[in-house]
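Before any comments, here is the structure.
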Ligand code: COI
């Protein structure tokens, strides 16, 4: 096991400030006292493992990441269980995915040992920042954000020979301010997120950048997220700006777009498909025409829709809005959406037996 050298923060956040943040964290607003860091060079590979005070990263203005967006990231959460212990969910999946992303973005692979070790080293240091849920409906956690950037000072267009990997941590409540209140989503008309042969399956910052203009249009229409259809035919539903999407049918199917090279292999998505049979749902991954959703919702064949991801957990979708039509699932969360959500959260917070061995103690 690689040692992460600890460089202590001389001025940690005052306890009363930290506790106030944990009581009402929002999402992505506040950060803990430390961050993990590992440095990579072609000559030395990954080295200089440390946990250091959270703070500014100083890079040369010519660092490759600023110009060619050679960057990838991950998202996981640390959950506090009733006995005070702290756990994370299927980190091996994130370790595998960061390396899939790394291969696509011509960044170096990082070992599962270093990846999980970096989470553990950071959470060990900032364990006081992991909130305790007030009830079973509470989804507070410590959101962990590993990321890798191309840090070589060089303007030629080629893979960077120097890379830095960090993990930062942020106390988090619900991603959407309304919690489990159903959100409206906007169907992107003219912008696509990803296309065949591109980077859509990678967790690369550039994919999220590509979603932002459509996200602005969504916000202008009063919607919380944007849905993209496939770039080739503009016909099949793919992914939301920052999360996957699922539908529930009257006949008991849990439907979601099949993976390809334009859809992110979400850990929450995968886990819900695996949990579905235990709730009497049959998982089905396939191409789903937007017309099928529209007609199915109108006829009552498709009864629920929800967004899913580490940050979003499961957030019901009340409406899909487009220039031409609206799909309406009402303003109450769907029954299966809530059952799946509770089942997942109960595992993550240790309220039910972890029969799949998904939880890893930090
Ligand atoms: C996550 O769910 O962890 C993500 O990375 C999505 C992000 C857009 C908040």
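The values are calculated or read from the model by the stated rules, or taken from the named source; none is laboratory data. What you see is a predicted model; the values in this text were computed from it and never measured. Cβ placement follows ideal geometry from the backbone for every residue including glycine, while neighbour counts extend to all protein chains displayed.
Residue 206: closer than 19 Å to residue 106 by Cα, under 20 Å from the mean Cα position of the chain (by Cα), in a loop (DSSP other than H, G, I, E, B) and at pLDDT 95 or above, yes or no?
On the way: closer than 19 Å to residue 106 by Cα: yes; under 20 Å from the mean Cα position of the chain (by Cα): yes; in a loop (DSSP other than H, G, I, E, B): no; at pLDDT 95 or above: yes.
Spelling it out, it is not the case that residue 206 is closer than 19 Å to residue 106 by Cα, under 20 Å from the mean Cα position of the chain (by Cα), in a loop (DSSP other than H, G, I, E, B) and at pLDDT 95 or above.
Would you confirm whether any residue within the stretch 219-227 is within 23 Å of residue 100 (Cβ to Cβ) and either in contact (Cβ under 8 Å) with a residue 24 or more places away in the chain or away from the ligand (no atom under 12 Å from the Cβ) (or both)? So that I can check it myself, show each step before the final result.
Residues of the stretch 219-227 within 23 Å of residue 100 (Cβ to Cβ): none.
Checked against the condition, which is being within 23 Å of residue 100 (Cβ to Cβ) and either in contact (Cβ under 8 Å) with a residue 24 or more places away in the chain or away from the ligand (no atom under 12 Å from the Cβ) (or both), the stretch 219-227 yields no hits at all.
Which of the residues that make up the stretch 30-50 are within 16 Å of the ligand (Cβ to nearest atom) and loosely packed, with under 13 Cβ neighbours inside 10 Å?
From the stretch 30-50, those within 16 Å of the ligand (Cβ to nearest atom) are 30-31; that's our starting set.
Answer for the stretch 30-50, where residues must be within 16 Å of the ligand (Cβ to nearest atom) and loosely packed, with under 13 Cβ neighbours inside 10 Å: there is none.
Out of the stretch 116-147, which residues are more than 15 Å from the ligand (Cβ to nearest atom) and part of a helix (DSSP H, G or I)?
Hits for the stretch 116-147 are 116, 117, 118, 120, 121, 122, 123, 124, 125, 127, 128, 129.
Could you list, in sequence order, the residues of the stretch 5-37 that are at pLDDT below 95 and under 29 Å from residue 113 (Cβ atoms)?
5, 6, 7, 8, 9, 12
So which residues in the stretch 13-29 are crowded, with 18+ Cβ neighbours inside 10 Å and away from the ligand (no atom under 16 Å from the Cβ)? I'd like the intermediate steps shown before the answer.
Step one: of the stretch 13-29, the residues crowded, with 18+ Cβ neighbours inside 10 Å are 13, 18, 21-22, 25.
Of everything in the stretch 13-29, those that are crowded, with 18+ Cβ neighbours inside 10 Å and away from the ligand (no atom under 16 Å from the Cβ) turn out to be 13, 18, 21, 22.
Among the residues in the stretch 285-295, are any in a helix (DSSP H, G or I), closer than 28 Å to residue 77 by Cβ and touching a helix residue (DSSP H, G or I) at 6+ places or on another chain (Cβ under 9 Å)? Walk me through how you get there before you give the answer.
Initial filter on the stretch 285-295 (in a helix (DSSP H, G or I)): 290-295.
The next check asks that each one be closer than 28 Å to residue 77 by Cβ; those that pass are none.
No, every residue in the stretch 285-295 fails to be in a helix (DSSP H, G or I), closer than 28 Å to residue 77 by Cβ and touching a helix residue (DSSP H, G or I) at 6+ places or on another chain (Cβ under 9 Å).
Which residue, of 283, 333, is more than 25 Å from residue 27 (Cα to Cα) and more than 16 Å from the ligand (Cβ to nearest atom)? Show your work before the answer.
Working: 333 fails: more than 25 Å from residue 27 (Cα to Cα).
So the residue among 283, 333 that is more than 25 Å from residue 27 (Cα to Cα) and more than 16 Å from the ligand (Cβ to nearest atom) is 283.
For residue 75, are the conditions met, namely being within 16 Å of the ligand (Cβ to nearest atom) and either within 20 Å of residue 115 (Cα to Cα) or surrounded by fewer than 18 Cβ atoms within 10 Å (Cβ to Cβ) (or both)?
Working: within 16 Å of the ligand (Cβ to nearest atom): yes; either within 20 Å of residue 115 (Cα to Cα) or surrounded by fewer than 18 Cβ atoms within 10 Å (Cβ to Cβ) (or both): yes.
So residue 75 passes the test.
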